[in-house]
Amino acid sequence: VDFDLILEHIRDLNSLVGEGSAQVEQTARGARLRRAEPLPLTLYRDGITVGQHGAFRPYQHPSTQQCLQDILDGYFPSELQPRYPDGV
């Protein structure tokens, strides 16, 4: 697993969505700026976790391979679309 390449692609994806920027959120009394909650992806020597409480997934698992391939292809992991239809 080429960790440097994966991290490079993650940085590129984060820059596409404006990492660190805030968006206007409507409230009952007006509006406020809100930063998007980050979704941690933790890379281990033998697998990954996605999310704060995500289950450990070895690199050999098909869903892990698909997740990393999506990232390397320049896309957000397709597995996130049902949970984050407006983006993450």
Asp46 vs (1) of a type in the set (D, E, K, R); (2) open to solvent by 100 Å² or more (accessible area, probe 1.4 Å); (3) touching a Pro at 6+ places or on another chain (Cβ under 9 Å): all pass except (2)
Within the range 1-41, take every residue that is among the polar types (S, T, N, Q) and at pLDDT below 80 and give me the one that is least open to solvent (accessible area, probe 1.4 Å). Ser21
Report whether or not Pro62 is at pLDDT 90 or above and loosely packed, with under 10 Cβ neighbours inside 10 Å. yes
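Per-residue answers, yes or no, for (1) of a type in the set (Val, Ile, Thr); (2) over 16 Å from Leu13 (Cα atoms); (3) over 16 Å from the mean Cα position of the chain (by Cα):
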{"residue": "Val24", "(1), (2), (3)": "yes, yes, yes"}
{"residue": "Ala31", "(1), (2), (3)": "no, yes, yes"}
{"residue": "Leu41", "(1), (2), (3)": "no, no, no"}
{"residue": "Val50", "(1), (2), (3)": "yes, no, no"}
{"residue": "Tyr75", "(1), (2), (3)": "no, no, no"}
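Let's see how each residue does on (1) on the phi > 0 side of the Ramachandran plot; (2) in contact (Cβ under 8 Å) with a residue 24 or more places away in the chain; (3) in a strand (DSSP E or B):
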{"residue": "Asp4", "(1), (2), (3)": "no, no, no"}
{"residue": "His9", "(1), (2), (3)": "no, yes, no"}
{"residue": "Asn14", "(1), (2), (3)": "no, no, no"}
{"residue": "Glu25", "(1), (2), (3)": "no, no, yes"}
{"residue": "Glu37", "(1), (2), (3)": "no, no, no"}
{"residue": "Arg45", "(1), (2), (3)": "no, no, no"}
{"residue": "Gln52", "(1), (2), (3)": "no, no, no"}
Considering residues of the range 66-88 that are at pLDDT below 90 and open to solvent by 90 Å² or more (accessible area, probe 1.4 Å) only, the residue nearest to Asp4 (Cα to Cα): Gln81
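The values are calculated or read from the model by the stated rules, or taken from the named source; none is laboratory data. Please read these numbers as outputs of a predicted model, since none were measured by experiment. Glycine gets a Cβ as well: all are built from the backbone with ideal geometry, and neighbour counts include every protein chain shown. When the accessible area is computed, the model is the full protein with side chains, heavy atoms only, and any ligands, DNA or RNA have been set aside. Shrake-Rupley method; radii C 1.70, N 1.55, O 1.52, S 1.80 Å.
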